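Novice: Got a structure for you, written out below as structure tokens; questions coming shortly.
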Amino acid sequence: MSGSARRVRVEPSSAPAYEVRVGSGVARAFAGELAGLLGVPAGRLFAVVDAGLPASWVDGVLGAYEVAGWAVTRCVVAPSERAKSLETLGGVLAALAGTGQERREPVLALGGGIVGDVAGFAASAYRRGVPVVQCPTTLLAAVDASVGGKTGVNLALPSGELLKNMAGAFHQPRAVLADVSAFASLGEREFRAGLAECVKHGLISADWGDEGLLAWTLGSLERIMSREEEALVELVARNVGVKARVVGDDERELSETGGRALLNLGHTYAHAIETLAHLTPDGDPAHAPLHHGEAVALGLIAAAACSASMGLVEASLVGRVRAGVAACGLPVAIGGLPDDGTLIARMRHDKKASGGRLRLTLPVGEGRARLIADPPEASVAAGWSAIRAG
Ligand code: GLY
């Protein structure tokens, strides 16, 4: 393990505190500590493995757990929104039951956000809850999905419409191992998608103890894009720090004014478009559908424009968010969107809606956001106008 590893503590109100370790090699290095953390002798370990990971990297990590005395079962899951389903969850649970694993024996989630969400949900349900250790292998999962205990799958309506993360559970991990050595295998597009969540954190971080996060991120993009280890460790640790403080304050997303819902900045817009299979980030149909992070990037601009239309922020913030998104190599506009009425109806399906009323997390200043109930439809539509191409 490299010397530059960092540790961030997460303190949820209803579950034991846990550590996020950030560094190169942390997933392997933890193998000898897992039994001690769980207070059990090494026994059976069920690894849910992202099908997109290089086999040699997975073998290296899981081999370390075998050397530490764990009998490892692998269950490979495809990292796609369609595969993030009740059917996949059923398959994982059946495979888990097939091992005979008992209540104190753990699940290890090795992969991106989709795999972490499915594995975490399976761990929450199997025998009514077994320990899970999240080992995020994408930037997006490391800075967001793996921390905070949200797990789940998408639900498909009879019409075929996919509702994002509509079935799930809060199930906090016992540890998170953000191993930046896994990022080497990420394609450019997938890596950049993770930066969208970093921009999101930078747009709320002033209230959460890291005022300079966005400026540092945008000023360090060259080092980050060339995946310099030290820059990646700092990027992940600072973003996890913001997320840990937000989750510690409002684990169950109950705050009426913000709290954990602040982490949904850009996401209600994003959820309305990311399951539309024809949308592409650059006009090339071969690149459809949008990656979650690409949809979030567009959603951040739309949220800023909505907020500016309501007079909650200076109009100039929209340009600054757009420039930040563009600097990360993420899309700032998109063609082929349905009309505003259709999009706003899809936003009302989002699980953050309450009594059919829309609630949006919107920027209200530099590095600050709030949860706003009932934004006027014209302002919500101004958000969509800000990202329509052509
Ligand atoms: N990704 C948003 C949250 O964890 O609350």
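The values are calculated or read from the model by the stated rules, or taken from the named source; none is laboratory data. Because the structure is a prediction, the values reported are computed rather than measured. Every residue, glycine among them, receives a Cβ derived from its backbone with ideal geometry; neighbour counts consider all protein chains shown.
Novice: Output the number of residues of the stretch 254-276 satisfying the condition of being away from the ligand (no atom under 16 Å from the Cβ) and in contact with a strand residue (DSSP E or B) (Cβ under 9 Å, 6 or more places away or on another chain).
Specialist: Of the residues in that region, 2 qualify.
Novice: Something else: Return only the number of the condition from (1) outside any loop (DSSP other than H, G, I, E, B); (2) surrounded by fewer than 23 Cβ atoms within 10 Å (Cβ to Cβ) that residue 283 does not satisfy.
Specialist: (1)
Novice: Condition first: in contact with a Phe, Trp or Tyr (Cβ under 8 Å, 6 or more places away or on another chain), surrounded by fewer than 23 Cβ atoms within 10 Å (Cβ to Cβ) and not hydroxyl-bearing (Ser, Thr, Tyr). Now tell me which residues in the stretch 89-114 satisfy that.
Specialist: If the condition is that a residue be in contact with a Phe, Trp or Tyr (Cβ under 8 Å, 6 or more places away or on another chain), surrounded by fewer than 23 Cβ atoms within 10 Å (Cβ to Cβ) and not hydroxyl-bearing (Ser, Thr, Tyr), then 89, 93, 95, 97, 101, 105 are the ones that fit.
Novice: Shifting gears a bit: crowded, with 21+ Cβ neighbours inside 10 Å, within 20 Å of residue 154 (Cβ to Cβ) and within 16 Å of the ligand (Cβ to nearest atom), is that true of residue 300? Don't jump to the end; show me each part of the working.
Specialist: Details: crowded, with 21+ Cβ neighbours inside 10 Å: yes; within 20 Å of residue 154 (Cβ to Cβ): no; within 16 Å of the ligand (Cβ to nearest atom): yes.
So residue 300 fails the test.
Novice: Could we say that residue 368 is among the charged types (D, E, K, R) and within 16 Å of the ligand (Cβ to nearest atom) here?
Specialist: no
Novice: With respect to the numbered conditions (1) under 14 Å from the mean Cα position of the chain (by Cα); (2) in contact (Cβ under 8 Å) with a residue 40 or more places away in the chain, which one is the sole condition not fulfilled by residue 171?
Specialist: Every condition holds for residue 171 apart from (1).
Novice: I would also like to ask the following. Name the single residue, out of those in the stretch 209-246 being away from the ligand (no atom under 16 Å from the Cβ) and among the basic types (Lys, Arg), that is nearest to residue 22 (Cα to Cα).
Specialist: Among them, the one singled out is 238.
Novice: Test residue 370 against the criterion of being in contact (Cβ under 8 Å) with a residue 12 or more places away in the chain and within 27 Å of residue 278 (Cα to Cα), and give yes or no.
Specialist: no
Novice: Something else: Which condition does residue 127 not pass, out of (1) away from the ligand (no atom under 14 Å from the Cβ); (2) within 30 Å of residue 366 (Cα to Cα); (3) among the basic types (Lys, Arg), if it passes all the others?
Specialist: (2)
Novice: Let me ask something additional. Please state which of the following conditions residue 152 fails to meet, knowing it meets all the rest: (1) within 19 Å of residue 89 (Cβ to Cβ); (2) away from the ligand (no atom under 12 Å from the Cβ); (3) surrounded by 21 or more Cβ atoms within 10 Å (Cβ to Cβ); (4) not aliphatic (A, V, I, L, M).
Specialist: Looking at each condition in turn, residue 152 falls short on (2).
Novice: Still on this model: Considering only the stretch 209-239, state which residues are acidic (Asp, Glu) and either modelled with pLDDT under 95 or over 24 Å from residue 262 (Cβ atoms) (or both).
Specialist: Answer for the stretch 209-239, where residues must be acidic (Asp, Glu) and either modelled with pLDDT under 95 or over 24 Å from residue 262 (Cβ atoms) (or both): 222, 228, 229, 230.
Residue-wise test of (1) surrounded by fewer than 24 Cβ atoms within 10 Å (Cβ to Cβ); (2) assigned to a helix (DSSP H, G or I).
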residue: 126; (1), (2): yes, yes
residue: 130; (1), (2): yes, no
residue: 147; (1), (2): no, no
residue: 166; (1), (2): yes, no
residue: 190; (1), (2): yes, yes
residue: 196; (1), (2): no, yes
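Novice: Next up: Hey, among 369, 345, which residue is surrounded by fewer than 15 Cβ atoms within 10 Å (Cβ to Cβ) and within 25 Å of the chain's Cα centre (by Cα)?
Specialist: After ruling out the rest, the residue left standing is 345.
Novice: Check 313, 325, 332, 296 and return the single one that is touching a Pro at 6+ places or on another chain (Cβ under 6 Å) and touching a residue at least 24 places away in the same chain (Cβ under 8 Å).
Specialist: Of 313, 325, 332, 296, the one residue that is touching a Pro at 6+ places or on another chain (Cβ under 6 Å) and touching a residue at least 24 places away in the same chain (Cβ under 8 Å) is 313.
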